[in-house]
1. Can you tell me, using C-alpha contacts under 8 Å and at least 6 residues apart, the relative contact order of the range 1-51 as a whole percent?
2. Please list the equivalent ellipsoid semi-axes of the range 108-187, computed as the square roots of five times the alpha-carbon gyration tensor eigenvalues, in descending order and whole angstrom.
3. Taking Cα atoms, how many degrees apart are the long axis of helix 65-75 and the longest axis of the chain, rounded to 10 and kept between 0 and 90?
4. Note the angle between two axes, namely the Cα long axis of helix 16-27 and the longest principal axis of the Cα atoms of the chain, as a number of degrees from 0 to 90, rounded to the nearest 10.
5. How would you rank Tyr195, Tyr22, going from fewest to most other Cβ atoms within 10 Å of each one's own Cβ?
6. For the range 4-126, what proportion of DSSP beta bridges, expressed in % and rounded to the nearest 5, is antiparallel?
7. Between (1) 24.7; (2) 18.3; (3) 17.5, which entry matches Kirkwood radius over Cα pairs in Å as derived from the coordinates of this structure?
8. Can you work out the Karplus-derived ³J(HN,Hα) for every residue in the range 130-142? Use 6.51 cos²θ - 1.76 cosθ + 1.60 with θ = phi - 60°, whole Hz, and x for glycine or proline.
Amino acid sequence: MIKLNTKSLLYLEDEIEMLNNYSNFFDNYFKEVFVASDGKEALEIFNDEKIDIAILDINVPFINGLEVAKKIRTYSSTIPIILLTARDDKETYKKAINIQVTMFLEKPIKRNDLNQLLYHMNEKFMSNNVIQLWHIDNTLYEWSEESSSLLVNKNKLHLTKKEVIVLDVLINSYPKKISYQDMYEFLSYDSEQEYNEGRIKTLLSGLRKKLPKGKIINHYGIGYALDLKK
């Protein structure tokens, strides 16, 4: 991890044992780690310190993590925000789309998911908000977080509005699998169109044709995920 050791992290978690354990883990990777056990304290730290990344638990005292994320977004549109959520917290997922949450992690946090997060964040800072997805047969696929666009050899590839939503959700949820129901929630939020399993399959089929073969994986009976292995 080359770039993260120059960055500062705000970590919001009200479970003290978890806060201590993971803050010690993060100390190995970040220049500074600021911890808070409630939303009010987290916002005070954000106002007083230079924060490069925020990892926020949702269910914390005084001000919940989603409201803290909203407040951070009023000051910065580029700071990566990672929300720690319960497995089936679909309402939070829907609300988080509007504030451009970078990634979700399910609690309890798995060490493998944390490693994937650190890799993702390191890629982000090394590429100035452009994430390298795949480099296959001299073709480079990247995702621009700033413009929410797919770049193929640095050229923007046309995606429909709904394809952008799907790809953004899959990238920012990696390595989590997204179910049909979750996909339905994302696509139907603030939309006049009705989505069902068949329409979602059609949408994913069109998106697959624009990506390298086999990179959208169907986990039977569970949902979809991206294969981001290089």
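Here, each number is a calculation from the coordinates, and none is a lab measurement. Since this is a predicted model, take the numbers as computed values, not measurements. Don't worry about glycine lacking a Cβ; one is built from the backbone with ideal geometry, like all the others, and counts go over all protein chains shown.
1. 45
2. 21, 19, 11
3. Result, in degrees: 90.
4. The angle comes out at about 70 degrees.
5. Tyr195, Tyr22
6. 0
7. Working out Kirkwood radius over Cα pairs in Å from the coordinates points to (2).
8. Values, residue by residue: 10, 9, 6, 8, 8, 10, 10, 6, 6, 10, 9, 10, 9 Hz.
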